1. Quantify how strongly other chains surround peptide A:266-277 by giving the mean number of their Cβ atoms within 10 Å of each of its Cβ atoms.
2. On the protein heavy atoms, probe 1.4 angstrom, tell me the percent of accessible surface of chain A carried by carbon and sulfur.
3. Given the DSSP H assignment, sum -39500 (n - 2.57) over each helix run of at least 4 residues in chain A and divide by its residue total; what's the result at 222 nm in deg cm²/dmol, nearest 500?
4. What helices does chain B hold that run 18 Å or longer along their axis, going by alpha-carbon atoms, with a Kyte-Doolittle average of 0.5 or more, using DSSP H for the helix calls?
5. What's the center-to-center distance, using Cα atoms, between the stretch B:121-159 and the stretch B:189-228 in Å?
6. Mind putting together the pair-distance distribution for chain A? All Cα pairs, 20 Å bins, whole percent per bin, short to long.
7. Treating the Cα atoms of the stretch A:20-91 as identical point scatterers in vacuum, please give the log10 of the normalised Debye intensity I(q)/I(0) at q = 0.13 Å⁻¹, two decimals.
8. Go through the stretch A:30-67 and flag every residue whose accessible area shrinks by 40 Å² or more with all protein chains in place compared to the isolated chain (probe 1.4 Å).
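The values are calculated or read from the model by the stated rules, or taken from the named source; none is laboratory data. Quick caveat, the model's predicted, so the values are computed rather than measured. We place every Cβ from the backbone using ideal geometry, glycine too, and count neighbours over all the protein chains shown. When the accessible area is computed, the model is the full protein with side chains, heavy atoms only, and any ligands, DNA or RNA have been set aside. Shrake-Rupley method; radii C 1.70, N 1.55, O 1.52, S 1.80 Å.
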Amino acid sequence: MDQRSAPLWRAGRSAAVLANLARGLVTIALTLLAMSVVTYGATNLSRGPDAQVRAALGNEATAAQIDAFKKRYGLDRPLPARYATWFSDYVRGDWGLSPITERPVRAEALPRLGRTILLMLIAVAVALPVALLTGVVCAVRAGGRLDRSVNVLIVVLAALPEFVVGIALVTVFAVWLGDLPVDSSGLLFGGPVDRVKAYVLPAATLALAVAPQIVRLTRAAVGEVIPAPYVRAATLRGLSRRTVVSSYLLPNAAGPLANVVATNMVYLLGGAIVVEQVFSFPGVGRRLIEAIGQGDTVTVQALALALGVLTLLISYATDAVVRMANPRLRAGR
Amino acid sequence: MRASVAAPAPVEVPTLRRGLAASVLRTRGGQIGLAMVTAMILITFVGPLFAPYSPVQSGTGPPASGPSAQHLLGTDALGRDVLSRVLDGGRGLVLVPLLAVSGAYALGATLGVTAAYRGGRVDRLIARGFDILLTFPPLLLVLVVIAGLGTSVAVVVLTVMFVFLPRAGRVCRGTAQAVCVEDYVTAAHARGDRDAWVMAREILPNIAAPTLSDYALRTTYAITFVATLNFLGLGAQPPDPDWGLMIAENRSILPVAPLSVLSPAAAVALLAVGLNLVAEALARHWAADTTSSQGVVL
C-alpha cells in the first residue's frame with residue numbers, strides 16, 4: 001500500500017470504514033443465505049428424497065430398506081425442515097455423509113478445494129500481469145501492429161470454450177512435444193516433479209480463459225484517459241512517453257482498471273470447473289460434476305455451496321482491494 | 001453515448017436493413033466471420049446428407065484408428081466414423097443457443113423496455129431484479145438446476161435462457177432509456193397512443209439495430225456455454241453425436257487418434273469464432289458501447 005492511502009486508517013475515517021465493513025458483511029451473509037436456498041431448492045426440484053434413495057440403493061430395494069435409508073439420512077422430513085438442518089450443519093462444518101461413497105463430504109472435499117484454489121491463484125498470477133501490460137501497451141499504441149494483432153487474438157480466444165483451448169494445449173505440449181503429462185493424475189500418484197507438471201497446462205488454460213477480457217477492458221479503460229487534457233498537457237510539456245504513462249495515465253485509469261480485474265475474477269470459477277474436467281484434475285469442480293452424474297445430491301449441495309462461497313469471497317476481496325487502492329471509492333456507495 | 005445511440009431517427013429505419021449486411025461485410029473480420037458461420041451452418045444442416053456412415057453405427061471400422069480412405073477423419077473408441085459424427089453433431093449447438101438467447105431477448109426486451117419507459121418504481125424493481133440474477137455464477141446455477149431436474153433439451157434451453165435474461169434485459173433497458181427521451185416518443189404519447197403501442201411501434205424498432213450486435217455476441221457466448229455443458233456430460237447424452245460430447249468421449253484416445261477429438265474441437269471453434277467476428281463487426285458499426293463495457297458472460 002502506498003503512502004497516499006494512509007489517511008484511511010486515521011481515527012476520523014475509521015467509523016466510516018467500519019460501517020462499510022459491517023455493510024459488506026451483512027451483504028455477504030444475505031447473499032450466502034440466498035445461495036444456500038437456491039442450491040438446496042434447485043437440487044430438490046424433482047430429485048426429491050425418492051430419487052436420492054434410488055440413486056444410492058438401486059431400483060430393487062425393499063420398502064423396509066428404503067425407510068431405513070430415509071431415516072438414516074433424514075429424508076423422511078419435509079423440505080423446509082431438511083433445509084434448516086442442512087444449512088445449520090453446513091455453517092458449523094458438517095457437510096453431511098455422501099450416500100454413494102458413504103464418506104463424510106467435507107473430509108473428501110477439503111484437499112480438492114485446496115488444489116482448486118491453488119490452480120486459480122497460479123492462473124491469476126500468470127494472467128494478470130501479462131494481460132494488464134498488454135492492455136496498457138495496446139491502448140498507448142492504439143491502431144498499431146501489436147494492437148491489431150492482439151485484437152484478432154482476443155476475438156478468437158474470447159469465443160473459444162475453455163475445453164477447446166485446453167485440448168489444443170494438450171495436443172501441442174503433451175502429445176506432440178511430449179514434455180508435459182496429458183492429464184493431471186500425477187497430482188495423486190506421482191512424485192514432486194509430476195505434481196508441479198500437473199499444474200502447468202490446467203493453469204495455462206485457465207489463464208488464457210480469463211486474460212482476453214482483462215486485456216480488452218484494460219485497453220478500453222486506459223484508452224478513455226488518453227484524450228484527457230492533462231495527458232495532452234504532459235505530452236506537450238515534453239515529458240517522455242514512459243513518464244506520461246506511469247505518472248498520468250495509469251493513476252487515473254487505476255479505478256476502472258481495478259474494477260475490470262474484480263469483475264473478471266468471478267469467471268475463474270466456471271473456468272476452473274471445465275479445466276479440471278479436461279485434465280482429470282483432482283479438484284472440487286471435477287468432483288462436483290462426478291457427483292451430479294452419480295445423483296449424489298448431498299455432495300452436489302455441499303460442493304456447489306462451497307464454490308458459491310468461494311466466488312463470493314473472491315469478488316468481495318477484490319472489491320475491498322479496489323476500494324482501498326482508489327480514494328474516490330473509499331466513501332462507499 | 002446518448003447522442004450516438006439516438007442518432008438513427010425513424011427516417012433511417014428503411015436503410016437499416018441494407019446497412020446491416022454492408023456493416024458486417026465492410027471489415028475484413030466481418031467477411032471472414034460471415035464466411036465461417038455460413039460454412040458451419042451449411043455443414044450442420046446439409047452435411048448430414050453426405051455422411052458416409054450412420055453417426056451412431058459402431059464398429060464401422062477398427063476402433064480409434066487414424067484417417068484412411070474409408071474413414072477420412074478416422075474412427076472413435078467404438079469404431080464410429082468421426083466424419084459422419086462431426087457432420088451430424090452441430091445442430092444442437094446452433095439451435096439450442098439460438099432458442100435460449102432469443103427467448104432471453106424476448107423476455108429481456110419486454111422487461112427492459114417497460115422499465116425504461118415507465119421509469120420510477122417499476123424501473124427500480126426490474127433493474128434490481130436483473131442485478132440479483134446477475135450475482136449468481138452462471139455455470140454453478142445451471143449445474144444445480146440440472147442436478148435437481150436431470151437434463152433434457154428443454155431444461156438446457158430454459159436454464160441457459162435464464163442465465164442470459166438479466167444480461168439481455170440490461171442492454172435493452174440501457175438502449176431504450178436513450179430512445180424514450182426522443183421527440184417521436186413524446187409525440188406518440190401526446191397523440192394519445194397507448195403505452196403498449198408506443199413501446200412496440202416506436203421504441204422497439206429503434207432499439208433493435210443497436211442491440212443486434214449484443215444479440216450476436218450473447219449467441220456466441222451461449223454456443224460456448226452449451227458446448228461446455230455438453231462437454232461436461234450435462235447436456236447432450238450418448239450416443240448423440242454432439243461436438244462437445246465427442247470431445248469428452250474421445251479425450252482418453254487423444255494420443256492415439258487425435259482427429260477424433262480435434263475435428264469436433266475445430267468445428268466448435270469455427271462456429272463460435274466466426275459468430276464472434278460477425279458480432280464484433282456489428283458492434284463496431286453501431287459503436288454500441290454497451291457491449292464492449294459489459295464484460296464477458298461466463
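1. Details: counts 6, 7, 1, 5, 10, 3, 1, 6, 6, 0, 0, 6.
Mean shielding by partner chains, rounded to a whole number: 4.
2. On the way: 10580 of 16560 Å².
That share works out to 64 percent.
3. Working: 14 runs with 238 residues, N = 333.
Rounded to the nearest 500, it is -24000 deg cm²/dmol.
4. Numbers: long enough: B:13-26 (19 Å, 0.46); B:28-45 (26 Å, 1.38); B:91-118 (40 Å, 1.19); B:120-134 (21 Å, 0.53); B:153-180 (37 Å, 1.43); B:204-231 (39 Å, 0.64); B:259-286 (40 Å, 1.38).
Once both thresholds are applied, what remains is B:28-45, B:91-118, B:120-134, B:153-180, B:204-231, B:259-286.
5. The stretch B:121-159 and the stretch B:189-228 have Cα centres separated by 20 Å.
6. Spelled out per bin, shortest first, that is 25, 48, 24, 3, 0.
7. -0.49
8. The answer is A:M35, A:V38, A:A42, A:L45, A:R47.
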